[in-house]
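**Student:** Have a look at this one before I ask anything.
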Amino acid sequence: MVLVIALAVQVATQVSGAVAQSGLLQGAGRTAHRLEQLHAWSRADEDPPANAPRATAPAATPTVPAPRRLDHGIRLEGVGFRYPGADRPALSGVDLLIPAGATLALVGENGAGKSTLVKLLCGLYRPTEGRILVDGTDLRRLAPGEWNARVAPLFQDFARVELLLRESVGIGAVDALGEEAPVRAALAAAGADAVLDSVPGGLDGLLGRGYGDGAELSGGQWQSLGLARCLIRRDPLLMVLDEPAAALDAGAEYRLFRGFDRTAEPAARTRGAVTLFTSHRFSTVRRADLIVVLENGTVRERGGHDELMAQDGPYRELVELQARGYS
């Protein structure tokens, strides 16, 4: 009886271990499949390799280089997007013009479609309806790699890249990875000089504990490195802040947006670059040239802060609701 019980425990342990390993293998398989899809998508303007799975390779379309500057802006015509398997679209019938050099703020409750619209503009998703025009050229026709290089995003779930400090920032512009001057300039623009001073070894210091005994950083310090990784992009035409300050205090949020503004303002003057951000804090939103209120995946209101406050609509309701929370 003792022998049977001991063997049963061993068998149970081995079975549970096999199940756990099976889950890891399935996860690795899904990751490999996604990497294969990304590889095929990134080569959309080239001949796909002979062994590329035809189901994941995008249809070949003529590609044109991304513009050097924006003269007119970005226009959305009847843009809609539905996630696979979703009952209803995340966005529907969005018509919008973002003038060159303008600052656009997206406002709305959770689930209104703000992040989906941001990802469509970044080229991470493609519209299931309508089209997005960049100075009159359909975004689908722009070479994906070139457009990606002209977008400088900072998302709420930014990556904590635990590499050398120069690498953690430098991967924002891989072609400048070995250069020191662009990394230092991006750190200064992001207000992250204090992070550089606090890391033993400076630019060659290791961050985090994933690959060794590296420096531990606070959430705000990691976020400033994420901003530096965004600002190191050369000549961006679309600069994005997608609720990056949701977990920051007021002082850290102010420093974050000031660092972003130092790059966004000259980019708008010289290249007509568009700045887009989403935020639930209306002290930040009111600074935008154009405010767009999304509701259930559609544009409910648009205009400047004073214009929208003069209307008895959802924007005014949201502003007053937040103001009552501080009174």
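**Student:** Points 7 angstrom from Cα along the Cβ direction at Ser22 and Val64: gap in nanometres?
**Tutor:** The two pseudo-label positions are separated by 5.3 nm.
**Student:** Among the helices of the chain (complete DSSP H runs), which have Cα atoms covering no less than 20 Å along the helix axis and a Kyte-Doolittle mean of at least 0.5?
**Tutor:** On the way: long enough: 2-42 (60 Å, 0.59); 250-271 (30 Å, -0.90).
What comes out of the filter, once short or polar helices are dropped, is 2-42.
**Student:** What residue among Val161, Val285, Val118 shows peak mean-square fluctuation when the chain is described by a Gaussian network model with Cα springs under 10 Å?
**Tutor:** Val161
**Student:** Taking the structure as given and computing semi-axes √(5λ) of the Cα gyration tensor in Å, which label from [x] 36, 27, 25; [y] 35, 21, 18; [z] 32, 21, 19 fits?
**Tutor:** Matching entry in [x] 36, 27, 25; [y] 35, 21, 18; [z] 32, 21, 19: [x].
**Student:** How much length, in nm to one decimal, is gained on full extension between Arg258 and Leu97, taken as 0.36 nm per residue of separation minus their Cα-Cα distance? Let's see the in-between values first.
**Tutor:** Working: separation 161, 0.36 × 161 = 57.96 nm, distance 2.56 nm.
Result: 55.4 nm gained on full extension.
**Student:** When the chain is treated as a GNM, springs tying every alpha-carbon pair under 10 Å, which of Glu301, Glu77, Glu36 comes out with the largest mean-square fluctuation?
**Tutor:** Glu36
**Student:** Per the Debye formula with a single identical scatterer at each Cα and no solvent contribution, what log10 I(q)/I(0) holds for the range 67-226 at q = 0.16 Å⁻¹?
**Tutor:** -0.99
**Student:** I need to check one value: relative contact order of the chain, counting alpha carbon pairs closer than 8 Å and at least 6 residues apart, in percent. Display every interim value, and only then the final one.
**Tutor:** On the way: 534 pairs, mean separation 67.2, N = 327.
Relative contact order here is 21 percent.
**Student:** Something else now. Quick one: divide the alpha-carbon radius of gyration of the range 65-147 by 2.2 N^0.38 Å and tell me what you get. Before the final figure, lay out the partial values.
**Tutor:** Numbers: Rg = 12.9 Å, N = 83, 2.2 N^0.38 = 11.8 Å.
Normalised by 2.2 N^0.38 Å, the Cα Rg of the range 65-147 equals 1.09.
**Student:** With both partners inside the chain, how many of the DSSP beta bridges are antiparallel, as a percent to the nearest 5?
**Tutor:** 50 percent
**Student:** Hey, in the GNM for the chain with a 10 angstrom Cα cutoff, which one of Gly29, Gly145, Gly111 fluctuates hardest?
**Tutor:** Gly29
**Student:** Can you give me the long-range amide H partners of Val64? Hydrogens built in the peptide plane at 1.01 Å from N, cutoff under 5 Å, separation of 5 or more residues or another chain.
**Tutor:** Hits under the 5 Å cutoff: Leu142, Ala143.
**Student:** Fully extended, how many nm does the chain gain between Arg131 and Val9 (0.36 nm per residue separation, minus their Cα-Cα distance)? Don't skip to the answer; put the middle values down first.
**Tutor:** Working: separation 122, 0.36 × 122 = 43.92 nm, distance 6.01 nm.
Taking Arg131 through Val9 to full extension adds about 37.9 nm, to one decimal.
**Student:** For the range 133-212, list log₁₀ I(q)/I(0) at each q in 0.12, 0.13, 0.19, 0.22 Å⁻¹, using the Debye formula over Cα point scatterers of equal strength and ignoring solvent, two decimals each.
**Tutor:** Debye curve over Cα of the range 133-212, log10 I(q)/I(0) at q = 0.12, 0.13, 0.19, 0.22 Å⁻¹: -0.45, -0.51, -0.89, -1.08.
Laboratory data are not the source of any read-out in this text; all were calculated from the coordinates shown. Computed from a predicted structure; not experimentally measured. Cβ: placed from backbone, ideal geometry, glycine included. Neighbour counts: every protein chain shown.
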